[in-house]
Structure formats: structure tokens, C-alpha cells
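Here is the structure we will look at.
Read the figures in this text as sums done on the coordinates, not as results from a lab. The model shown is predicted, which means the values in this text are computed figures rather than measured ones. A quick note on method: Cβ atoms are made from the backbone with ideal geometry, for glycine too, and the neighbour counts reach across all protein chains shown.
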Amino acid sequence: MLSGSDLKRGVRVQLEGDPYVVLDVRFQSPSARGASTLVKAKVRNLRTGQVFERSFKAADRVDEADLELRPVQYLYNDGETYHFMDSNSYEQFSLSAADLTEDRFYLLEGLAGIRSVVFNGKVMSIELPQTVVLTIRDTDPAIKGATAQAQTKPATLETGLVIQVPAYLESGELIQVDTRDGRFIGRAKT
């Protein structure tokens, strides 16, 4: 069991029988004497994909979700369905775009480091590696002399994801992207 103060980003908990992942945590210390610290957590239901805020007292007890993580390989998508294969058992399964939410924008065939999140024998979602390498499909031309300040511009990546990149990058370049928040990290080493 975890206490409310143990909650942090990425921790998986079980609330009302469903598994949740903590997306963000804020601690709020009340000014009144004797009042306990409040923990405001933004959580996503791994079964339904629903995201909402939940408040806990620092001393509240929260059950850890009994989840199993299995290595998987992304195979392909056929429009709205994404197909995967369990790397150990070679069993195939699929998840809808709604199940994957924003994670679908980081999937490339052959991407390594993906794990399936299994709850009660059923695959609920996937866990991506922290960074992925993607190609810039479309962006404005590089801005000459844009080195005085850190300027950014929107770029559409090969998966359809749109992120902000430095102004000096051009279409066709490989970049590293943080899968947790969709942030540009740097150029990818080839």
C-alpha cells in the first residue's frame, strides 16, 4: 500500500476496482494548524482512458494496482486499430486509437522498448519508452540568423504528431521526442 504522499508521476494505483496511472501530482499545504497536506493527483483510468483530478490526504492509503508489464512489439495499424505482438508468447492483440489516446503518435513499426500493461489477464494499454526517434515530415524552412533567442516553430512528424522544434531544424531531419510530454529533446544520432 502507498500513502498519499508517495504518489508521483507514472505510479499505478487501484481505485474503486480499476487501475489508474498518475499523470501529474501537486502537493498543497493548508495554512490552518493541524490540517494535513493535500495531494491533488491527475489520474487516467487504464480501462476507460478517462482523465480526472483526485484529491488525497497525505496520510490516506492507496492500493497499488496489480499489473503485469510484458514486452511487446508494435506491428501495424489498419486505420483505427493498432496491432501488437507479445514478445514472449507471440500472441497478437489489438488496441483501438481511443485505448491508446496520444500514445499512438509515437508508434513506428519495429519500435523497441514497448510494454503492455495487463490487468486481470486483459491488456489495458501500453507503456512507451521514454524517448523515440521520429522524422520531421513537414515544417517551415529554417530561419537564418535565428540564434540570438531560442525560437521555435511547429513541426509535423511522420506519425502525425505536431510539436514545437527549434527554428534551425528542417524537414527530413531525425529528432528525439520525449513520449511523456511530447517535447523535443534534440537531434537524433544516426
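For this structure, a couple of remarks:
- Fluctuation leader among 56, 105, 119 - the chain, Gaussian network, Cα springs under 10 angstrom: 56
- Pairwise FRET efficiency - residue 36 versus residue 91, Cβ, R0 = 35 Å, nearest 0.05: 0.15
- Amide H contacts of residue 137 (H built 1.01 Å from N, under 5 Å, at least 5 apart or other chain): 156, 157, 158, 172
- Helical content of the chain, expressed as a calculated mean residue ellipticity at 222 nm, amounts to -500 deg cm²/dmol (DSSP H runs of 4 or more residues, -39,500 (n - 2.57) each, divided by residue number, nearest 500).
- The ranking of 6, 78 from fewest to most other beta carbons within 10 Å of each one's beta carbon is 78, 6.
- Relative contact order (%) - region 131-187, alpha-carbon pairs under 8 angstrom, separation at least six: 40 percent
- At an R0 of 45 angstrom, the distance between the Cβ atoms of residue 1 and residue 159 translates into a FRET efficiency of 0.70.
- Residues 84, 27, ranked from the fewest to the most other C-beta atoms within 10 Å, line up as 27, 84.
- Radius of gyration, Dmax [region 67-127; alpha carbons; angstrom]: 10.4, 28
- Note on 183, 104, 115: ascending count of other Cβ atoms within 10 Å places them as 183, 115, 104, the fewest first.
- Relative contact order for the chain, counting Cα pairs under 8 Å that sit 6 or more residues apart, in percent: 14 percent
- Simple spin-label estimate for residue 63 and residue 8 gives 2.5 nm between the two label positions (7 Å along the Cα-to-Cβ direction from each Cα).
- Cut-off 15 Å between beta-carbons: net charge of the residues surrounding residue 72, Lys and Arg +1, Asp and Glu -1: -3
- Long-range lysine pairs (8 or more apart or interchain), the chain, Cα under 30 Å: 12
- In region 72-116, the GluC sites (Glu not before Pro) that fall in loop regions by DSSP, at most 15 other Cβ within 10 Å: 80, 91, 109
- Sites residue 50 and residue 78 - FRET efficiency at Förster radius 30 Å, r taken between beta-carbons, to 0.05: 0.75
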